[in-house]
Structure formats: structure tokens, C-alpha cells
Amino acid sequence: MAQKRKPKVAVWKFASCDGCQLSLLDCEDELLAIVEAIQIAYFPEATRAVVRGPYDLSLVEGSITTPHDAERIHQVRRSSKFLVTIGACATAGGIQALRNFKNVHEFVAGVYATPSYIETLAKSTAIADHIFVDFQLRGCPINKHQLLEVISAYLNGRKPNIPTYSVCMECKQKGLVCGLVTHGPPCLGPVTQAGCGALCPSYHRGCFGCFGPKETPNPSSLSEWWLKNGMKRDDLVRLYRSFNAYADPFRKESEAHEK
Amino acid sequence: MERLEIHDLSALFSVLKQDGYQIIGPTVRESAIVCERIQSVDELPAGVTDIQRPASYRLAERHDNALFGHRLGPQSWKRYLYPPRLQLFQAARTEKGITISPPTNGGAGDLPKYAFVGVRPCELSAIGIQDMVFARGTYVDPHYSAVRARIIVIAVNCTDPGETCFCASMKTGPQTESGYDLALTEVISAGSHLFVAQSGSDVGKELLARLKAAPASAEEIQRAEDLLDRASEKMGRSVDTYRLPELLHANIDHPQWDELDERCLSCGNCTQVCPTCFCSTVEDVTNLDGTEAGRWRKWDSCFTLEFSYIHGGCVRATTKSRYRQWMTHKLASWVDQFGTFGCVGCGRCITWCPVGIDITEEARAIRAQSTLLSTSSKGEM
């Protein structure tokens, strides 16, 4: 095979905890194969060396929370041929989007000694609210195998195998006993997108919804069932308000049950 | 008919293991009775049963120490015959070109030999239906057929069906008629705990001979028959199958589908637990440098968007259309396609639906509000 130029890959950070970028560094067994196939051109979390853009593939982590970042994301888009958002912050605004339900200026006044130093936006928003995104990889954090799958699909010019169906599909295929039906803790699996390999149900926990709403989700039916079976509205609100609180279907559902 | 006592069942397990079979049978795992690999009769759920309702499953105690006094577990035997994920082939790119080779996990030499212990009549019917889909006709599934040809089926008749069971109306139970090597009926009375055994194949006959099983007495056979006669009455649900395919086909615009659109989560649980659902998708995977690739078959579901995605979009975009597709396939178009219902009345889709959607209730609602065939008679299909 002819030696091809290695695609230049950049990893960008916006408002986030860095956990999703770390998923790339967590690919310990595959790291050598990865750097064999791509050139890490910009990845401050891993190296200070910077190769100038434009970049073939950009992985974008984090949400937009400041006026500065709202500008910067356009620069990132301009210097990227194919842009993939990674993680709940980038795809839905993240846990920090909980502030979207309140007045952020009250937080700023309550937390900081000199609130006037803080320049922040009223809402934490997903990257796709600001720019065109080529592919979104869900999760809090993203799943390392899914990240490898997206990179591999990109490199081989094929469609990534990233299902948008429910966590239940993964759970059943794994042969787990459903916790919802056997009266375990509340589980968002039926309304949440697969991708984690049914991680929490594997450890007898309900799904926390880290991968955000699945395709055509129906949270209101699930809520109605829970209310009928004794769940409190406050608890429903808390269930939907976590890492993907501001993803539309989850946001609407929590707002429907507020106070 | 022969009689087997518990120690004979242990001997049966030993014989099966000697012959190289992996025994798959019911056992308590965490919060449910599941069908998994077991080694001994001690692992069977003695004295444990389950109470099943729409979207609810709870284990409960039995006081008779019955080994098969439970109902169906969360998943069927399908996962053994038709695994959730299976490699179809693999490919490698070298300087000489591309080579395609058989899957690493599907060679005939390393196929498992399963002895299914505790297959219920409805489940056996479901296996028969999947045989029709995978193992007959022009296109035979090689993996399914190879695993299927090697199994031994020890069926157990149902003397204590549950609330979500409706095999009697689908005519698949509670007593099995064919397709087994051995069929057992558990008979418990004061001071005795035995199984009336019927062989259904040469393999079954030979097993009974090797166990030196004694013939069952007329009284024991009668007790087993009485139990099975009463079993149908204990079934919590039923479906009126009178001209059912015609009824559903005539009601594709019935308002009940809109009602289902509001309740159904399109999570796909019903299809994953259904013992006859056979839909799959195919995924191609590659390594990073594109030197190795593989094609995998994975369970899919008519409740996913991608399942009906063709050029231009998803054919069944609404949840209503997906539920309707599934239910009318099970109870109507399956009959056109394969000559039987695609539903065996196991009730799993009712128990394991997270919001308790009940296919029998939906069928009833459609019949009740239909201008067509609203009066049912107890006639044949």
C-alpha cells in the first residue's frame, strides 16, 4: 500500500471535566495503533507540541459557557475538516447546564468574591447549537470502544456503528435481568441511548442517562408509569436532571414535573 | 411412560455431561430464574417460583420444593440457538490482496453441544417457529442449523402457569406435543416427588434406558394428567384467535394504535425477550489501519429507527407504526408468511415491557372497538 499522509487530529477543550479526552489516553492497548494511523497535531492534555492547522479530524469536548468560547468554537470549526463532538457537555451542555434552569447571575454573586470579574453566558449549550457538527459521540464520559469505532470508521471511510437505540437493547443482548421490572432502582435505560454497554445495569444500578435521550424517546410514558407506581414528582425531576439535563426530551420532561 | 425421581434426574445430568453436553437449565440468579449453564440438579430453583405481572417480576417461595414450579425466565433459549452477536466472516488485507476467512467462533468443530433442561411447551413451539425461519426452505442459516442439530431437549410441562401466560389460547401448551427428546411432568404429593417422563425421540428413549427408569404407575400418570388439565385454567391471560389475522389487517387505522403511540417506549424490550423474534442487523468493523475487518450479525428490533431505514429515511418513523408492525406481524402477517402465529403466548413481552403494555389487552381492545368481527365465537382460527 502506498504510504498515505497521516490524518492530522486535534482535540479541543471547552467547558468540561476532561474525562472524555482522557478516554483517548485510556486506550492504552490501542494507543500505539492510534498514533501509527493518525498524527496527534493538537492535544494539550497529552502534549505541548502543536502542529498548525487545518486539521483533518477534530474531537471537541465541552460545552459553550462563555462569550470567548462562543467565538473560539467558530475558529475550531474553520480549521477542521471533520468535527466530532465528544461527551455529554459537548452534545447536550453537560452537568453544568443545570444552571440553565436557574439565574446564573445569582450563582456568580453567591460564589465569587468579585462577581464583576466573571464573564459567563446565561446558559451552557451544546456545540451543535453554535456550529455544524459532523458527528456526535454521546456519553458521560464517552465509551472508549465507541471512540475507537468512530476514529476507525473515519480512517476507513465507512459509517461508524454507533446505535441510537435504547440501553435496553444492550442490556438484553448482554443477558442482564431487567432491574426496572424486578423492582430495582429507577432506570432511564428505556429512554437513553445505548453505547455504555449497559454499564450501570451490569452492577445492579439503574441507568443514569449518561448517553442522553435515545432516538424517538418517550419519557412521558415512563414517568407516567412511575408516578402511577408511587414515584414523587421531585424525584422524577432529579432523575432527568443530570448529565444530559438540557437535552431537549429530558429537559421537557423535567420541566413538565417541576413544582 | 416412565417415572424419574430426583436422584434419576441427577443421573440424567451425569449422563448428559458424560456425553459432552453443556446443560442449560433454570437457576436463580439475583432477582430472577434464568436459563444458564448449570452443573447439577442442586442448582435448579427448588422451592422458588415467580410472580409475574405487566412490568413486574418477583421471586417467591413455594412450599412444595418443586424444581420446576416457576414460570418463564427473562430470556428464552433463543440466545443459545441464535446468539445476540455472531461473527459471520473475517477479512484481512495483505500485500497480496484481500483474503476472506470463516469466523473464528463459528467453525463446526467448536460449536457447543447443549442439553436444554426445562424447556416449556410454549418455548418448544417457539423453537419450532424459529426452525421454520432459520433451518428450512431455500436459505438455511448455517450457524443456527448446526447448533440446533446438536441439542437435546428435556421439556417440562407446565402445571402452574402464571398471570402473564396465555399459551392455551395460542394452542402451544401447557402440555407439549412434539419436538422434545424427553418431556417431564413434575408430580408432587405427600411423601413423593417424581417426574412422569415421556420420550419423544430415539435419543430420549435411549436416555431413559440408560437411566433404567421404571415405568410410571397408572395412578402416577393420572395425577400428571390431572395437573395438566387444571393448568389451563390457571393461566392469567388469553387471546381470542378467531379470525385474528383478518381482524388486525382490517384495522390498520384503528384508534388503539394512536393510544399505543403514547404509551410505547420503542425501547425494543419486547422483541429482545420474544422467543420467536428473529430480526438482526449486520455490522462491518475494521481495525484502525484497515488491514483487518469482520462482519458481525447482531440482534436488532423493528422498534429501532435504523431497522427500517432505507434510501431517503426511516419507513416507520412513528412509534405507532413500529408497534403496529410488530403486533400485526406476530398475530396476523406471520400466518400469511409461515402458516402459524408468531406468538406462542409466553407472555414475556407483557412482563418485561417497562410500562406493562399487554399484547392480549391490545388485541382485545382492537376487537372490541372494531366494526369488523366484533363478536367472537370460539371457533378455529
- [ ] First measure r as the distance between the Cβ atoms of residue A:215 and residue A:50, then evaluate 1/(1 + (r/R0)^6) with R0 = 35 Å and state the FRET efficiency to the nearest 0.05.
- [x] 0.40
Task: Degrees between helix A:67-78 axis and first principal axis of chain A (Cα, 0 to 90, nearest 10) - done: 50 degrees
- [ ] Would you mind working out the accessible area per residue for the protein assembly as shown, using a 1.4 Å probe, and quoting it in Å²?
- [x] 45 Å²
Task: Extension gain from residue B:37 to residue B:15, taking 0.36 nm per residue of separation minus the Cα-Cα distance - done: 6.3 nm
Open item on the list: Give me the dipole magnitude in Debye, nearest 20, for the protein assembly as shown about the Cα centre, with unit charges on the beta carbon: positive for Lys and Arg, negative for Asp and Glu.
Closed with: 1520 debye
TODO: Whenever you get a sec, compute what percent of the accessible area on region B:236-312 sits on carbon and sulfur atoms (1.4 Å probe).
DONE: 51 percent
Open item on the list: Given the options B:162, B:174, A:146, identify the residue whose Cα lies farthest towards the positive end of the charge dipole of the protein assembly as shown (+1 on Cβ of Lys, Arg; -1 on Cβ of Asp, Glu).
Closed with: A:146
Task: Share of carbon and sulfur in the accessible heavy-atom surface of region A:1-112 [1.4 Å probe, %] - done: 56 percent
- [ ] Can you tell me the FRET efficiency between residue A:204 and residue B:291 if r is taken as the Cβ-Cβ distance and R0 is 35 Å, rounded to the nearest 0.05?
- [x] 0.30
- [ ] Could you name the lysines whose alpha carbon sits less than 28 Å from that of residue B:171, not counting residues in the same chain fewer than 8 places away?
- [x] A:172, B:78, B:205, B:234, B:330, B:378
TODO: Pop a pseudo-label 7 angstrom from the Cα along the beta-carbon direction at both residue B:230 and residue B:298 and give the gap in nm to one decimal.
DONE: 4.8 nm
- [ ] Calculate the mean, over all residues of peptide B:264-275, of how many other protein chain Cβ atoms lie within 10 angstrom of the residue's Cβ.
- [x] 6
Open item on the list: Need one number: convex hull volume per residue for chain B, Cα atoms only, in Å³.
Closed with: 167 Å³
Open item on the list: More than 46 angstrom separation, counting every C-alpha pair in the protein assembly as shown; what % is that?
Closed with: 27 percent
Open item on the list: Summing both sides, how much accessible area is buried between A and B? Use a 1.4 Å probe and give Å² to the nearest 100.
Closed with: 3400 Å²
- [ ] For residue B:17, go through the aspartates and glutamates and keep the ones whose alpha-carbon is under 17 Å away, minus same-chain ones fewer than eight residues off.
- [x] B:8, B:36, B:42, B:43, B:110, B:181, B:206
Open item on the list: Just to make sure I understand: if all protein chains stay in place, what is the order of A:142, B:100, B:310 by accessible area at 1.4 Å, largest first?
Closed with: B:100, B:310, A:142
- [ ] Rank A:198, A:97, A:49 by mean-square fluctuation in a GNM of chain A with C-alpha springs under 10 angstrom and give only the top-ranked residue.
- [x] A:49
TODO: Kindly provide the trypsin sites (Lys or Arg not before Pro) of region B:212-313 that DSSP labels as loop, not H, G, I, E or B, and whose Cβ sees at most 10 other Cβ atoms within 10 Å.
DONE: B:212
Task: B:63, B:143, A:105, reordered so the largest accessible area comes first (probe 1.4 Å) - done: B:63, A:105, B:143
Open item on the list: Suppose we compare each residue of region B:10-42 in its chain alone and in the full protein complex with a 1.4 Å probe; which ones drop by at least 50 Å² of accessible area?
Closed with: none
- [ ] Obtain the nm distance between the two label points defined at residue B:171 and residue B:104 by a simple spin-label model: each point lies 7 Å from its Cα along the Cα-to-C-beta direction.
- [x] 4.8 nm
Open item on the list: Please report the antiparallel percentage of DSSP beta bridges with both residues in the protein assembly as shown, rounded to the nearest 5.
Closed with: 65 percent
Task: Virtual paramagnetic centre 7 Å along Cα→Cβ of residue B:5, amide N under 15 Å, in region B:208-236 - done: B:212-217
Open item on the list: Rounded to the nearest 10 Å², what accessible area does residue B:132 have for a 1.4 Å probe in the complete protein model?
Closed with: 50 Å²
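The values are calculated or read from the model by the stated rules, or taken from the named source; none is laboratory data. Computed from a predicted model, the values in this text were never measured in an experiment. Neighbour counts run over all protein chains shown; Cβ positions are idealised from the backbone, glycine included. Each accessible area value is taken on the protein alone, full model and side chains, heavy atoms only, with ligands, DNA and RNA left out. Shrake-Rupley method; radii C 1.70, N 1.55, O 1.52, S 1.80 Å.
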